[in-house]
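Q: Starting off with a structure, shown below.
Please treat every number below as a calculation from the coordinates, not as lab data. This is a predicted model, so every value here is computed, not measured. Neighbour counts run over all protein chains shown; Cβ positions are idealised from the backbone, glycine included.
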Amino acid sequence: MKSLIQISLFSIFSSIVCANPEKIPLRDLIQGEKTDGAYIYLHRPEKPNGSAIVICPGGGYRGLVMGAEGHGIAKWLNEHGITGVVLQYRLPKGRSFIPLDDAQRAIRLVRHRGKEWGLNGNRIGIMGFSAGGHLASTAATHFPKFGQPPAKDPFDRISCRPDFAVLIYPVVTMGKHTHVGSKRNLLGNNPDPKMVELFSNEKQVTKDTPPIFMAHAVDDRPVPPENSRLLYAALKKEGIPSKYMELPDGGHGLNGYKGPSWDAWQKGSIQWLKEIGILSK
């Protein structure tokens with residue numbers, strides 16, 4: 001009887017954990033201070049496998065699609081034993097590096113608390129959709145190789161390089177094929193050409209860039225598939241293990257987050273994570 005009660009209590013606790021993510025500020029605050037608005041929402045699976053993904057919702061760097069491109073994705077990842085970490089990042093509003101700062105901080109925080117959350121520090125990835133895909137690809141191409149050992153903040157001494165990235169209909173370039181609204185909201189109306197170059201992530205790929213999975217519909221008008229094509233070409237040139245799924249239809253948002261193209265990238269990304277050793281086959 002006692003064991004049955006324990007099992008029942010464990011089941012109830014597990015369902016609560018899965019249903020109610022823990023909201024965690026990205027930065028420690030002194031008592032009385034107001035939060036800066038950056039949080040992670042921790043979705044823990046019933047049977048964690050040690051991997052975690054920081055999820056960057058889209059929204060054109062003007063807002064955040066926290067439901068379908070955030071919490072909904074985390075719950076799907078939980079079904080595969082992956083800890084989902086939804087990032088509520090700050091919007092740039094004239095401060096181009098603010099979203100990247102939050103994404104890097106989120107990766108460091110997950111690594112810092114990895115043991116507590118049952119995670120392997122070498123299996124921490126990042127995922128993004130649309131403008132969130134630009135943020136995720138920025139995090140995957142802009143990082144100090146070994147953290148910042150001299151930094152005063154201990155968090156900054158932890159590596160913020162993701163071990164892999166998953167990009168779904170991402171904005172990648174700030175050049176010809178960019179999403180105009182995302183570029184304007186991130187860099188302003190008349191950006192410095194050096195900033196355009198810096199945030200065109202297909203131009204920032206190096207041999208240290210982690211493996212990347214991409215999926216994009218050929219009929220995506222707001223964010224043309226050239227974004228993913230350019231990045232994939234750069235990854236291939238550097239010999240980075242990556243995969244690009246070009247989907248036959250679905251437009252931007254893949255038919256409202258449902259249908260064959262939506263199912264295809266989800267199935268394909270899980271298979272790819274098995275192929276690169278993040279998940280067990």
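Q: Which of ILE168, ILE55, ILE270 moves the most in a Gaussian network model of the chain with Cα springs under 10 Å?
A: ILE270
Q: Rank-order 223-233, 257-267 by packing density, defined as the average count of other C-beta atoms within 10 Å over each peptide's residues, highest first. Intermediate results must be reported in sequence, preceding the final value.
A: Working: 223-233: 23.1, 257-267: 15.5.
By packing density, highest mean first, the sequence is 223-233, 257-267.
Q: 7 Å from Cα along Cα→Cβ at both GLU238 and VAL180: what's the point-to-point distance in nm?
A: The modelled label-to-label distance comes out at 3.1 nm.
Q: Turning to a different aspect of this structure: Identify all lysines with a Cα-Cα distance to LYS115 below 25 Å; exclude those on the same chain that are fewer than 8 residues away in sequence.
A: LYS23, LYS47, LYS75, LYS145, LYS152, LYS274, LYS281
Q: Which one, PHE143, TYR39, PRO21, projects farthest toward the positive side of the charge dipole computed for the chain from Cβ point charges (K/R +1, D/E -1)?
A: Positive-most Cα among the choices belongs to PHE143.
Q: Highest mean first, what order results for 159-166, 86-93, 245-252 on Cβ atoms within 10 Å?
A: The densest-packed peptide leads the list: 159-166, 86-93, 245-252.
Q: Would you calculate the separation in nanometres between label points at LYS258 and TRP117, each defined as 7 Å from the Cα along the Cα-to-beta-carbon direction?
A: Taking the two extended label points, one gets 3.0 nm.
Q: Mind checking the dipole of the range 40-275: about its Cα centre, +1 per Lys or Arg Cβ, -1 per Asp or Glu Cβ, Debye to the nearest 20?
A: That gives the range 40-275 a dipole magnitude of about 540 debye.
Q: Between the range 233-254 and the range 129-188, how far is it from one alpha carbon centroid to the other, in angstrom?
A: The distance from the Cα centre of the range 233-254 to that of the range 129-188 comes to 17 Å.
Q: Let me ask something additional. Expressed in nm to one decimal, what extension gain is obtained for the pair ARG157 and LYS267 from 0.36 nm per residue of sequence separation less their Cα-Cα distance?
A: 36.1 nm
Q: If you don't mind, another one. If I take all pairs of Cα atoms in the chain, what percentage of them are more than 29 Å from each other?
A: So the portion of pairs separated by more than 29 Å is 29 percent.
Q: Given the rule -39500 (n - 2.57) for each run of at least 4 DSSP H residues, summed and divided by the residues of the chain, what is its mean residue ellipticity at 222 nm, to the nearest 500 deg cm²/dmol? Walk me through the intermediate numbers first.
A: Numbers: 9 runs with 98 residues, N = 281.
Here the helix-only value at 222 nm equals -10500 deg cm²/dmol.
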